[in-house]
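The values are calculated or read from the model by the stated rules, or taken from the named source; none is laboratory data. This is a predicted model, so every value here is computed, not measured. Here the Cβ is made from the backbone with ideal geometry for all residues, glycine too, and neighbour counts use every protein chain on show. Surface areas here come from the heavy atoms of the whole protein model, side chains and all, with no ligands, DNA or RNA. Shrake-Rupley method; radii C 1.70, N 1.55, O 1.52, S 1.80 Å.
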Amino acid sequence: MSKLSGSSSSKKAVIVGGGIAGLSAAYDLARAGIETTLFEKRPRLGGVIETQSWENCVFDSGPDSFISQKPEALALIKELGLESEVIGSNDHQRTTYILKKGRLIALPDGVMMIVPSKIMPMVKSPLLSWATKTRMGFELLRRPNGTPRDRSVADFVVDHFGQETLDYLAEPLLSGVYGGDPAKLSVASVLPRFVDMEAKYGSLGRAVMAAKRPPSGGSLFRSMRCGMSTVVDALAKFVTVRNQEVEAIEPGYRVRAGGDWMEADHVIIAAPAWSAAALVHGLDSELGKKLQEIDYSSSLTLTLVYRSSEFDGKRAGFGFLVPARERQRLAACTFVGTKFPNRAPDDKIVLRCFLGGAGDEAILSESDESVVTISRQELQRILGLTAAPVHQTISRWPRSMAQYTVGHIGRVREIRERVAKLPGLHLAGNAYEGIGIPDCVRTGRAAAKKIIEG
Ligand SMILES: Cc1cc2nc3c(=O)[nH]c(=O)nc-3n(C[C@H](O)[C@H](O)[C@H](O)COP(=O)(O)OP(=O)(O)OC[C@H]3O[C@@H](n4cnc5c(N)ncnc54)[C@H](O)[C@@H]3O)c2cc1C
């Protein structure tokens, strides 16, 4: 057995996983002078963050943005000296469409995920029936009703606003974030703010209208001028990387990768929970079982580039969402050049198609040719687009989106309690307390902080 590193007298850390969570941790450890090795099984860093380009078009095949309401991503970007590279979405052109009975209908202004915050746009919108709108009116009369318990997003939404709101607002909007099934997702984990509102006001409609509007300090969605990989590239400069899969972790800690062992005082596992489960099994089998309980969904993005002069389809604002009730295979489509500045020159139109998610993992096994054919047929049905793309790229993201199913908060509490009994072991990443990039940055940096201060 060979040892990759020597003395154990100084603090040494190993990080498993080079996604944004692992990289954020590595950045802080490097700046604190702690000898750190990051293992990443793929040949590149970033995890699901990947920017590609073609003929002056820039497209993210994983996440394309982060929300500015959660400060952690922006804070890290500022520390990296990249603030001037941050761009906001083109909010003056911001319209998202929902497909209903074959027609694209604009999402009414002021909808906060599932709750209308403005009455008139919702009243005028053809997206929901009068029966649902009347129900939304009666929802304003609800009063707080006992201690909230965790339940599915579907139960919660139907209880407040009825089935149609679930089908044509909550499901497509959440599907775009989690690729998940609202009948399984936990409302306490996925929509905690609304659970708090329900506890305080009873009515979500009243709560949203009473809530202070955040100061209008720029767009909600931010990105990087040259794509999200800019952040990964900047972080990578601080990291010692080995492109190997970590195969086992033994007490002590001893970490095996590529058949060699490395010793470390601290190990941060910033890999998906299913991967962490296998690694911790020998340290605490119950912890392994709990981690294994965290479900994941798989997705695929197909980016299609068209010549503007040949594009004969409807132009649909930032893009559209296809509710599960209306879905064949395509779940969503973004007009990349409309959503963000500097992403597509005037003579190109870039569409990013999102497929897969809970219920259609099978799409990942389709050939590239078949994915393109399926997507083009659907774009023809929905947008009337018959033009052929001049460029296409497919990215598959198997088991990449953690699913916060009912009971998730309790599950994570147990996981954290068990990890606390294994000094030197830390977990980070999208499996636990937030799926978005700011949350992943936060968990990575929190793990590093424990090591630095410990
Ligand atoms: C298509 C898509 C679109 C998204 N859009 C957005 C968005 O617009 N905004 C947003 O905020 N969030 C978005 N998300 C979610 C967000 O991007 C992710 O939750 C986040 O980037 C995950 O980061 P992570 O570091 O936890 O995990 P990952 O990025 O999954 O990284 C984990 C890494 O661990 C590696 N690994 C696993 N096991 C091992 C092992 N045993 N040894 C070595 N390496 C290992 C993997 O190869 C991987 O690189 C999106 C996600 C996807 C898939």
Review point. In the range 335-357, how many residues are of a type in the set (Lys, Arg) and either out of contact with any strand residue (DSSP E or B) (no Cβ under 9 Å at 6 or more places or on another chain) or in a strand (DSSP E or B) (or both)?
Key: 2
Review point. So which residues in the range 328-376 are open to solvent by 40 Å² or more (accessible area, probe 1.4 Å), closer than 23 Å to LYS101 by Cα and either in contact (Cβ under 8 Å) with a residue 40 or more places away in the chain or touching a Pro at 6+ places or on another chain (Cβ under 9 Å) (or both), if there are any at all?
Key: GLN328, ARG329, ALA358, GLY359, ARG376
Check your understanding: Looking at GLY179, is it touching a residue at least 60 places away in the same chain (Cβ under 8 Å), farther than 29 Å from CYS353 by Cβ and open to solvent by less than 20 Å² (accessible area, probe 1.4 Å)?
Key -> no
Practice item. Within the range 419-447, track down each residue that is among the hydrophobic types (A, V, I, L, M, F, W, C) and either away from the ligand (no atom under 13 Å from the Cβ) or open to solvent by 40 Å² or more (accessible area, probe 1.4 Å) (or both). Key: VAL419, ALA420, LEU422, LEU425, ALA446
Check your understanding: Which helices (runs of 4 or more DSSP H) does the range 211-292 wholly contain that include 2 or more residues that are away from the ligand (no atom under 11 Å from the Cβ)?
Key -> 229-236, 285-292
**Study point:** GLN93 vs. criteria closer than 30 Å to VAL390 by Cβ and modelled with pLDDT under 95
**Key:** yes
Exercise for review: Show the residue pairs that are 6+ apart or on different chains and have beta-carbon atoms under 6 Å apart, the first residue being within the range 35-47 and open to solvent by 20 Å² or more (accessible area, probe 1.4 Å), the second being charged (D, E, K, R) and near the ligand (Cβ under 8 Å from one of its atoms).
Suggested key: LYS41/GLU245
Exercise for review: Give the range 45-64 a look and list any residue that's part of a loop (DSSP other than H, G, I, E, B), on the phi > 0 side of the Ramachandran plot and within 13 Å of the ligand (Cβ to nearest atom), or say none.
Suggested key: GLY47
**Study point:** Unique residue being hydrophobic (A, V, I, L, M, F, W, C), under 24 Å from LEU99 (Cβ atoms) and away from the ligand (no atom under 16 Å from the Cβ) when the list is ALA188, ALA154
**Key:** ALA154
Practice item. Please work out if LYS70 is part of a loop (DSSP other than H, G, I, E, B) and under 20 Å from the mean Cα position of the chain (by Cα). Key: yes
Review point. Does at least one position in the range 298-308 carry a residue that is surrounded by fewer than 19 Cβ atoms within 10 Å (Cβ to Cβ), in contact with a helix residue (DSSP H, G or I) (Cβ under 8 Å, 6 or more places away or on another chain) and not in a helix (DSSP H, G or I)?
Key: no
Review point. Given the structure, is VAL241 buried (at least 24 other Cβ atoms within 10 Å of the Cβ), under 26 Å from the mean Cα position of the chain (by Cα) and within 30 Å of SER10 (Cα to Cα)?
Key: no
Study note, to complete from the structure: Those residues of the range 3-24 which are farther than 22 Å from LEU74 by Cα and at pLDDT 80 or above amount to LYS11, LYS12, ALA13, VAL14, ILE15, VAL16
Review point. Here are some residues: SER223, SER229, SER186. Which one is open to solvent by less than 60 Å² (accessible area, probe 1.4 Å), at pLDDT 95 or above and farther than 27 Å from SER89 by Cβ?
Key: SER186
Exercise for review: Please find, within the range 376-408, the residue that is nearest to the chain's Cα centre (by Cα) out of those that are away from the ligand (no atom under 12 Å from the Cβ) and of a type in the set (Gly, Ala, Ser).
Suggested key: GLY407
**Study point:** Residue list for the range 138-157, restricted to those being without any contact (Cβ under 8 Å) to a residue 60 or more places away in the chain and open to solvent by less than 40 Å² (accessible area, probe 1.4 Å)
**Key:** VAL153, ALA154, PHE156, VAL157
Review point. Out of (1) surrounded by fewer than 18 Cβ atoms within 10 Å (Cβ to Cβ); (2) within 16 Å of the ligand (Cβ to nearest atom), the odd one out for GLU414 is which?
Key: (2)
Revision key, fill the gap. Counted residues in the range 388-406 being in a loop (DSSP other than H, G, I, E, B) and open to solvent by 30 Å² or more (accessible area, probe 1.4 Å) come to 3
**Study point:** Complete set of residues in the range 433-454 that are at positive phi and over 12 Å from the mean Cα position of the chain (by Cα)
**Key:** none
Exercise for review: Give the range 73-112 a look and list any residue that's more than 16 Å from PRO438 (Cβ to Cβ), part of a strand (DSSP E or B) and either open to solvent by 20 Å² or more (accessible area, probe 1.4 Å) or basic (Lys, Arg) (or both), or say none.
Suggested key: THR96, TYR97, LYS100, ARG103, LEU104, ALA106, VAL111, MET112
